[in-house]
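The values are calculated or read from the model by the stated rules, or taken from the named source; none is laboratory data. None of the values given here were measured: they were computed from a predicted structure. When we count neighbours, we look across all protein chains shown, and the Cβ atoms used for this are built from the backbone with ideal geometry, even at glycine. For accessibility, only protein heavy atoms count, side chains too; no ligands or nucleic acids. Shrake-Rupley method; radii C 1.70, N 1.55, O 1.52, S 1.80 Å.
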Amino acid sequence: MTNEEIKQEVLNRFPATTFDETGEFLNVQAEPADFRSMMESFKKDNAFAFDFMFCLTCVDWKTHFTMVYHLLSRTHRHNIVVKVKLTDIKKPEIETICDMWKTAEFHEREVWDLFGVNFKNHPDMRRLFLDENWPGHPLRKNYVDENMISI
Amino acid sequence: MNLLGDPEVTPEGEFVINIGPQHPSTHGVLHLKVWLDGETIKKVQPHMGYIHRSIEKMSESLSYRNFIYVTSRMDYISAHINNTACALAVEKGLQVEVPERAKVIRLLLGELTRLASHQLWWGCTGLDLGAVTPFFYAFREREAILDVMDETCGARLTQNFMVPGGIMYDIHPNFQHRVKEALKLVKSKLHEYDELLTGNVILQGRLKGVGYMSAEDATNYGVTGPTARASGVSCDVRKWFPYDGYEKVQFEEVLDTGGDCWARYMVRMREMKQSISIIEQLIDNIPEGEIQAKTKQVLKLPKGEFYQRVETARGELGVYIVSDGAASPYRIKYRSPNFSNLSALPKVAIGAKLGDLISIMATFDLIIPDIDR
């Protein structure tokens with residue numbers, strides 16, 4: 001499907017969605033309340049059939065976090081980027097999607113480790129790289145470590 | 001395992017043993033915790049982060065010219081391709097057109113890297129499964145390729161030959177001659193690989209029907225590269241989203257439907273021949289001209305997001321740059337192929353024997369620094 005067709009299909013199902021087409025991919029800004037059901041339809045709906053999640057990450061914007069999901073459909077050869085804004089910077093939380101895309105299991109653990117975003121219903125929410133009692137989450141912009149040096 | 005070396009036993013009577021972090025078959029510092037019922041694997045849990053260097057955080061304070069070279073230390077066996085991915089991502093942001101000559105040289109070096117990488121993998125697979133000789137055979141031919149790299153790039157492994165907009169220097173005058181010599185050597189020895197290892201009954205016994213991964217699992221776990229193509233998943237970025245002129249060369253995306261260790265072995269063996277064919281098509285057709293597009297001294301990417309994917313020797317590497325208009329990236333994410341490939345290991349290894357885990361690890365071809373980053 002072309003980006004226009006995808007947009008129409010998404011709007012039919014979730015009328016409140018906003019889009020951003022300035023970049024390479026079509027960006028969908030999902031509401032946290034709609035997020036789970038939207039991802040479910042992206043995965044299971046034959047019109048979308050996004051079977052391959054090629055990237056999952058988080059960006060710290062200081063005032064909020066943005067979760068970024070890159071999806072590709074191998075059947076239809078189209079891409080989409082789903083973004084969710086997490087406004088609670090003290091305790092960011094979002095539903096897991098690792099029951100739909102298994103690859104998300106490790107990626108979500110990485111995001112928890114480095115950004116401190118909690119994934120609800122994740123089967124194994126432990127840190128991935130760092131020690132369990134490591135203070136703070138290093139990829140946050142306000143992270144300070146006494147051993148950090150600037151060049 | 002406790003300090004006395006006695007294995008831990010769960011209430012269900014399963015033995016818990018640790019493989020790594022210093023076990024040779026894990027090819028680096030990866031720690032696998034394995035639950036065993038007799039010799040059958042019930043559960044595998046990878047523990048990683050032993051060489052986590054926080055490359056993503058480091059890149060946030062480096063300029064767009066400098067961050068490229070840190071990625072050589074991710075997948076150090078295909079460092080050149082990692083550098084290419086970063087350079088392409090920056091070029092996408094700057095919207096500069098790379099000269100044809102630079103594109104062809106990038107592609108040639110990329111394929112040489114892939115060939116050398118697969119040779120290293122072949123040697124190590126033999127070593128893991130108890131055959132020592134293949135390691136020396138593989139390194140003999142790999143050395144010829146690394147010599148070419150040494151002469152042109154100045155380094156054998158971490159080439160650091162990329163700049164945004166092209167390549168750093170022009171190729172060495174001997175380059176074409178040396179590449180042809182190296183290819184001649186590799187081609188004359190490839191049949192020895194098959195005679196020595198591929199046809200070996202013990203090797204076939206240890207690979208055939210072991211570590212099956214279905215096409216659905218491969219896609220669902222985000223597995224890419226030769227590991228996924230052995231399960232019949234078409235995922236070659238060079239075909240799907242061509243870059244650097246891959247659309248102009250003739251080559252076949254190697255696919256197999258076996259899904260077991262043997263299929264993964266055969267896919268890589270066949271990919272070596274494809275790489276040789278790509279290099280042969282281009283080595284006499286390097287166009288004349290500039291090697292770098294004109295760029296400013298201090299690079300600043302416009303506000304926005306840029307994503308570039310390339311096919312490394314192990315799968316799809318994605319570089320995701322978020323720019324806020326400053327001279328260094330606001331956020332960088334590397335979607336590394338080994339990270340996703342490893343996530344499928346706990347699924348694939350269930351039900352296999354402990355010895356089979358070594359075969360599975362060998363044919364997954366994991367590079368640990370790429371997982372930890």
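Listing for the model above:
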quantity	calculated
Test: residue in region B:341-352 that is farther than 21 Å from residue B:79 by Cα, in contact with a His (Cβ under 9 Å, 6 or more places away or on another chain) and of a type outside the set (D, E, K, R)	yes
Among the candidates B:44, B:70, B:96, residue that is more than 22 Å from the chain's Cα centre (by Cα) and within 14 Å of chain A (Cβ to nearest Cβ)	B:44
Residues within region B:308-333 that are within 17 Å of residue B:165 (Cα to Cα), at pLDDT 90 or above and either more than 12 Å from chain A (Cβ to nearest Cβ) or surrounded by fewer than 22 Cβ atoms within 10 Å (Cβ to Cβ) (or both), tallied	1
Subset of region A:8-24 [under 29 Å from residue B:89 (Cβ atoms), open to solvent by 20 Å² or more (accessible area, probe 1.4 Å) and of a type outside the set (S, T, N, Q)]	A:19, A:20, A:21, A:23, A:24
Residues satisfying the stated conditions in region B:52-74, i.e. part of a helix (DSSP H, G or I), among the basic types (Lys, Arg) and in contact (Cβ under 8 Å) with a residue 24 or more places away in the chain	B:73
Set B:246, B:169, B:265: member being touching a Ser or Thr at 6+ places or on another chain (Cβ under 9 Å) and under 23 Å from residue B:338 (Cβ atoms)	B:265
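Residues are listed down the side, and each one gets a yes or a no for (1) more than 17 Å from residue B:56 (Cβ to Cβ); (2) at pLDDT 90 or above; (3) open to solvent by 60 Å² or more (accessible area, probe 1.4 Å):
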{"site": "A:37", "(1), (2), (3)": "yes, no, no"}
{"site": "A:41", "(1), (2), (3)": "yes, no, no"}
{"site": "A:69", "(1), (2), (3)": "yes, yes, no"}
{"site": "A:74", "(1), (2), (3)": "yes, no, no"}
{"site": "A:90", "(1), (2), (3)": "yes, no, yes"}
{"site": "A:100", "(1), (2), (3)": "yes, no, no"}
{"site": "A:127", "(1), (2), (3)": "no, no, no"}
{"site": "A:131", "(1), (2), (3)": "yes, no, yes"}
{"site": "A:139", "(1), (2), (3)": "no, no, no"}
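Let's see how each residue does on (1) basic (Lys, Arg); (2) surrounded by fewer than 23 Cβ atoms within 10 Å (Cβ to Cβ); (3) farther than 25 Å from residue B:70 by Cα:
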site	(1), (2), (3)
B:104	no, yes, no
B:110	no, no, no
B:126	no, no, yes
B:147	no, yes, no
B:150	no, yes, no
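For every residue, the table says whether it meets (1) out of contact with any strand residue (DSSP E or B) (no Cβ under 8 Å at 6 or more places or on another chain); (2) of a type in the set (Phe, Trp, Tyr); (3) part of a helix (DSSP H, G or I); (4) open to solvent by less than 10 Å² (accessible area, probe 1.4 Å).
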site	(1), (2), (3), (4)
B:212	yes, yes, no, no
B:223	no, no, no, yes
B:244	yes, no, no, no
B:247	yes, no, yes, no
B:252	yes, no, no, no
B:270	yes, no, yes, no
B:274	yes, no, yes, no
B:284	yes, no, no, no
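Table: residues versus (1) in contact with a Ser or Thr (Cβ under 9 Å, 6 or more places away or on another chain); (2) within 12 Å of another protein chain (Cβ to nearest Cβ).
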site: A:81; (1), (2): no, yes
site: A:86; (1), (2): yes, no
site: A:90; (1), (2): no, no
site: A:94; (1), (2): no, no
site: A:104; (1), (2): yes, yes
site: A:107; (1), (2): yes, yes
site: A:112; (1), (2): no, no
site: A:119; (1), (2): yes, no
